[in-house]
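The values are calculated or read from the model by the stated rules, or taken from the named source; none is laboratory data. Just so you know, these numbers come straight off a predicted model, no measurement behind them. Every residue, glycine as well, gets a Cβ built from its backbone with ideal geometry; the counts of neighbours run over all protein chains shown. Quick note on the areas: whole protein, heavy atoms, side chains included, nothing else; ligands and nucleic acids left out. Shrake-Rupley method; radii C 1.70, N 1.55, O 1.52, S 1.80 Å.
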Amino acid sequence: MSRGLFLTVEGVEGAGKTTQVGRIARRLRALGRDVLVVREPGGTPLAEQARKLVLDPALELEPAAELFLMLVARADLMHHVIRPALEAGTAVIADRFDLSTHAYQIGGRGLSESDVVAANRLATGGLAPDLVVVLDVPPEVGRARHAAAGKPKDRMELADEGFHRRVAEAFRAATGPGILHLPADQPPEDVHVKLWTELSRRFPAIFPQDAG
């Protein structure tokens, strides 16, 4: 059995990650594909506990403590959920993964890139996504969307404007053959059409262009 596809969707708060992950998963399931959707941090009992801590507005976390909570969650999710699903041939779609660590903990918090990369490699066992989709929106647009939705702000979202600007810049600066940037300051359906077109170009056997 061939290994499943590992796709991650990244971006600032309010970029539309969860919406696009859901749309992709529904279309793949309609085509009869085995699909697993995960979010970070979270996805296992241990990872969900780490998520509660790292997002708790009542806690003041040092940047290194924040990083290790994220990586505890990632290591557990990788071992118990992502790797077994990929080995079974399942398509795994993640709402955030290691690019978020680069954006938030390196770009936003200022931690050492070499230290974070090494720690993240330990957490993932070196497994990387087949494609990282970055939904690009200005941070103020994403935060306005979040406010309009009436959602309470978590600890990360309550950080200052400078932090969010640095995070957004880190996402915008991400490059590489496995990274796809898409403008996301458009209606979700328009973003999805462009995203599916790109996925079908890169992985035609999984994402047929004529699939409705």
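Some observations on this one:
- Taking every protein chain into account, the accessible area of the chain amounts to 48 square angstrom per residue (probe 1.4 Å).
- Taking a point 7 Å out from the Cα of Asp154 in the direction of its Cβ, the residues of region 22-56 whose backbone N falls within less than 13 Å of it are 39-44, 47-56.
- In percent, rounded to a whole number, the relative contact order of region 73-136 is 36, using alpha-carbon pairs under 8 Å and six or more apart.
- A straight chain from Ala58 to Arg201 at 0.36 nm per residue would run longer than the Cα-Cα distance by 47.0 nm.
- Using a simple spin-label model with pseudo-atoms 7 Å out from Cα toward Cβ, Ala173 and Val141 lie 2.1 nm apart.
- Region 55-177 - charge dipole about Cα centre, Lys and Arg +1 at Cβ, Asp and Glu -1, debye rounded to 20: 220 debye
- Computed P(r) (all Cα pairs; the chain; 5 Å bins; percent): 1, 7, 15, 20, 21, 17, 12, 5, 2, 0
- Charging the Cβ of each Asp and Glu at -1 and of each Lys and Arg at +1, and nothing else, the dipole of the chain about its Cα centre rounds to 600 debye.
- FRET E, pair Glu48, Thr18, Förster distance 25 Å, beta-carbon r, rounded to 0.05: 0.95
- Dividing the mean sequence gap of close Cα pairs (under 8 Å, 6+ apart) by how many residues the chain holds gives a relative contact order of 32 percent.
- Remark: the Ala30-His181 segment gains 51.8 nm on full extension, using 0.36 nm per residue and subtracting the alpha carbon distance.
- The fraction of accessible area contributed by carbon and sulfur in region 137-212 is 59 percent, rounded to a whole number (1.4 Å probe; ligands and nucleic acids excluded).
- Only helices enter the 222 nm calculation for the chain: every DSSP H run of n ≥ 4 contributes -39,500 (n - 2.57), and dividing by all residues gives -14000 deg cm²/dmol, rounded to 500.
- In region 33-106, the ratio of gyration radius to Kirkwood radius, Rg to Rh, stands at 1.01 when only Cα atoms are counted.
- Ignoring lysines fewer than eight residues from Lys17 along the same chain, the ones with Cα atoms less than 18 angstrom from its Cα are Lys151, Lys153, Lys194.
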